[in-house]
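Notes for the one structure printed next.
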Amino acid sequence: MYALVDCNNFYASCERVFQPQFVGKPVAILSNNDGCVISRSNEAKAVGITMGAPAFQIKELVKEKNVQLFSSNYALYGDLSNRVMAILGQFTPNLEIYSIDEAFLNFDGMTVLDYHDYGIQMKTRVQKWVGIPVCIGFAPTKALSKVANKIAKKFQDRTKGVYVIDSDEKRIKALKWTKIEDVWGIGYRMNKKMKVKNIVTALDFIAPQHEAWIRKEMGVIGLRLKYELEGKSVLDLEPIVEQKKSIATTRSFPKQIADFDLLRERVATFAAVCAEKLRKQNSCCHTIIVMLVVDKHTVQTSKYYFNMAVTLPFASNSTLTISNAAIDMLKKLHQGNEYLKFKKAGVIVTELIDENKKQLQLFDEENPKHLLLMKVMDGLNNKIGDKKVKLATQNLSLTWNMKQNHLSPRYTTNFKDILEIKCQ
C-alpha cells in the first residue's frame, strides 16, 4: 500500500504558522522579485486571485479584498518542509520526498489494520507538531494514491482529509470522478490529444481499446500509468539522490542591468554560490556555463538569450577558479552587447565528479592553496553565518539582490528573527 501526503496550500500555510491571524483570510505568495502569484490559500482563490497572475495586475483586487501578500520565503518553507518529512518518516522508513510539500510513503511489510485511522494519526501529528495541514491518499499504487489524495482534499468534510482506495469498487468510482487533465503525468498537450480521442476521465484512459494508442503516443511511460491506474503497481519509490549531477544558480534582477560592473558582481556571486554547493556535496566540476537573458519584448531581434561554456583543464570546486572563469565568459558575452539591458543571469556547473576521484594533472593543476583557503572560508561562514567572507568582486552586504517588499521573518533559521513571546 502507498500513501501520498500533500501539504495544503503549503507556502500560505507556512506563513500562517507564525501569523495565525491570517487563518481563514485570503493569502497569496509572490515569486522572486515579487513578480507573480505562485501560491494561494483557498480564500484567495475564492476572491479571484489566479495562479501566475502578475502582481501589478492584482493591485486593486488585493486592496479591495484585503488579500495578504507575502514574498517567497524559501528559508522558512524549506525548514518547515524538512520538519514535516521527518515526522512522516516516523510512520514508515520507506519515504520518497517528491517535492517540497509532497511525499510518497510505502507500507509493504508493515501491519496496518486501519489505513484511514493511521492516516488520521499522521495528519494530526503533523498539524500538532508543525502546524501544517495535510491531506493523505492511500492506494495500492503511486498513481492511484495521487487520485485518492485529490478526493481527500476535495471532500475534506466527509473524508477528514484522508481517503483510502482499497477495493475495485472504490477504484472505479474514483477514476470515473477524476478528469483526465487531473491525472498524474498528463500534461496540457497530451490532454488535448486525449480529448480528440474522447478520453475525458481516468476511467476512459484505462479502457482496453485505447492501449495501442497509448503505446504509440506515450510509450512505456503511458503504459505504466495505465497499469498503475488499473491497480497494478509498477512504480517503486525512487531513492533520494544524494548528489546533484549539475548545479545552477540563476536569478532575475529587480531592475534590468546594462552596467558591466553590476553584472560582474551578480555573476561572481552566482559562481561563488555554485562553488559552495559543490564543496557541500564534496564534488568538483569540469564545465562552467554562464547565461544572460534580455527581456525579449525590448529587443528587435529574436536573440534574447546569451550563453557560453568553458571546460576547465582540471576539476575544481574553488570559488576563485569558478568565479574567474565565469567573469571571463561574461566579458566575452558582454562585448558587442553593451547597449543591451539584461533582466536575468545565471551560472551552471556541470560534469561533476566526486572530490576524492579528482584526476591530478601533471602540468596544468589548480593552486593547492585554494583547497585550504576554501576550507577556512567555509569554516568562517559556517561560524559567522550570512556568507560574511566573500570575494572582493561580490557585494559584501548583500547576496541575493531581489525585490522582496513583503518578506516575512525567517522564524526558524535565523536567531535575529526568532519569535518573541511577551509574558505578563
Over region 268-401 - Rg/Rh using Cα atoms and the Kirkwood inverse-distance radius: 1.01
In terms of the ratio Rg/(2.2 N^0.38 Å) built on C-alpha atoms, what value belongs to the chain? 1.13
Projected area averaged over all directions for the convex hull of the alpha carbon atoms of region 314-353, nm², comes out at 3.5
Across all Cα atoms of region 268-332, Rg and the largest Cα-Cα distance (Dmax), in Å, are 13.8, 44
Taking N as its residue count, the alpha carbon Rg of region 1-144 over 2.2 N^0.38 Å: 1.16
Spatially proximal aspartates and glutamates relative to Lys357 (Cα-Cα < 18 Å; intrachain offsets below 8 disregarded): Glu242, Glu365, Glu366
Considering only protein heavy atoms, what per residue accessible area in square angstrom results for the chain with a 1.4 angstrom probe? 55
On the accessible surface of region 235-366, probed at 1.4 Å with all protein chains in place, carbon and sulfur together account for a percent value of 50
Compare the peptides 268-279, 403-414, 358-369 by average per-residue count of other Cβ atoms within 10 angstrom and give them in order, highest first. 268-279, 403-414, 358-369
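Here are some pairs, Lys280/Lys369; Lys170/Lys195; Lys160/Lys192; Lys123/Lys277; which of them have Cα atoms lying more than 22 Å apart in this structure?
The answer is Lys170/Lys195; Lys160/Lys192; Lys123/Lys277.
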Cross-link partners among aspartates and glutamates for Lys179, C-alpha distance below 15 Å, same-chain residues fewer than 8 apart left out? Asp204
Kindly flag which residue pairs out of Lys25/Lys388; Lys25/Lys387; Lys150/Lys296; Lys255/Lys303 have an alpha-carbon separation exceeding 29 Å in this structure. Lys25/Lys388; Lys25/Lys387; Lys150/Lys296
Dipole of the chain, Cα-centred, from +1 at each Lys and Arg C-beta and -1 at each Asp and Glu C-beta, to the nearest 20 debye? 980
Could you please state how large a percent of the accessible area of region 35-116 is carbon and sulfur, counting protein chains only and using a 1.4 Å probe? 51
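The values are calculated or read from the model by the stated rules, or taken from the named source; none is laboratory data. None of these values were measured; they are calculated from a predicted model. For neighbour counting, all protein chains shown are included, and Cβ atoms are generated from backbone atoms with ideal geometry for every residue, glycine included. All accessible areas refer to the heavy atoms of the entire protein, side chains included, with ligands and DNA or RNA removed. Shrake-Rupley method; radii C 1.70, N 1.55, O 1.52, S 1.80 Å.
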